[in-house]
Amino acid sequence: MTIPSIIIGIVISSIYGVAFHLWRGGGIGRLILYVGLAWIGFWIGQLIGFSQNWTFASLGPLRLGAATVGAVIALGFGYWLSLVQK
């Protein structure tokens, strides 16, 4: 994994988190939550895609397909957990 691919991965996963925040709304706390969840899900998906040698939608060394699926799952799960009322 090269430094440029790590930077591209951070930028893409941040875009996923910000786009989810724009779609679902919320304050600055939710924005930080969504971006963090997108980062975690993206890199977990990247690791799974790399370990399984999945090459769907690869961008250089990034397994973008698996990473995107990981980010979407993490964002959906995090959103679902954040719906709990106090």
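Could you check the spin-label model distance between Val11 and Thr55? Points 7 Å from the Cα along Cα→Cβ, value in nm. Result: 2.5 nm between the two label points.
Between Trp23 and Phe77, the distance separating the two model label sites (each 7 Å from Cα on the Cα→Cβ line) works out to 1.8 nm. Springs join every pair of Cα atoms under 10 Å in this Gaussian network model of the chain, and among Ile73, Ile40, Ile28 the largest mean-square fluctuation is at Ile28. Normalised by the number of residues in segment 3-82, the mean separation of alpha-carbon contacts (under 8 Å, six or more apart) gives a relative contact order of 32 percent.
Among Trp23, Trp43, Trp54, the largest mean-square fluctuation in a Gaussian network model of the chain (Cα springs under 10 Å) belongs to Trp23. Converting phi to 3J(HN,Hα) with the Karplus coefficients 6.51, -1.76 and 1.60 and the offset θ = phi - 60°, segment 61-74 yields x, 7, 8, 5, x, 5, 5, 5, 4, x, 5, 5, 5, 5 Hz in sequence order, with x at every glycine or proline. Legend: ranking of residues Phe20, Phe42 from fewest to most surrounding C-beta atoms inside 10 Å; resulting order Phe20, Phe42. Going by neighbour counts of Cβ atoms within 10 Å, the residues Val11, Val72 line up, fewest first, as Val11, Val72.
Under 5 Å between amide hydrogens, built in the peptide plane, is the criterion, and for Leu59 it picks out Leu64 among residues at least 5 positions away or on other chains.
From helices alone, the chain scores -26500 deg cm²/dmol at 222 nm; the rule is -39500 (n - 2.57) for each run of n ≥ 4 DSSP H residues, then divide by the residue total. With the chain treated as a Gaussian network of Cα nodes joined by springs under 10 Å, which of Gly49, Gly70, Gly25 yields the largest mean-square fluctuation? Maximum among the listed residues: Gly25. In terms of surrounding Cβ atoms within a 10 Å radius of their Cβ, Tyr79, Tyr34, Tyr16 rank from fewest to most as Tyr79, Tyr16, Tyr34.
Here, each number is a calculation from the coordinates, and none is a lab measurement. Remember, predicted model here, so these are calculated numbers, not experimental data. Note: ideal-geometry Cβ built from the backbone for every residue, glycine included; neighbour counts use all protein chains shown.
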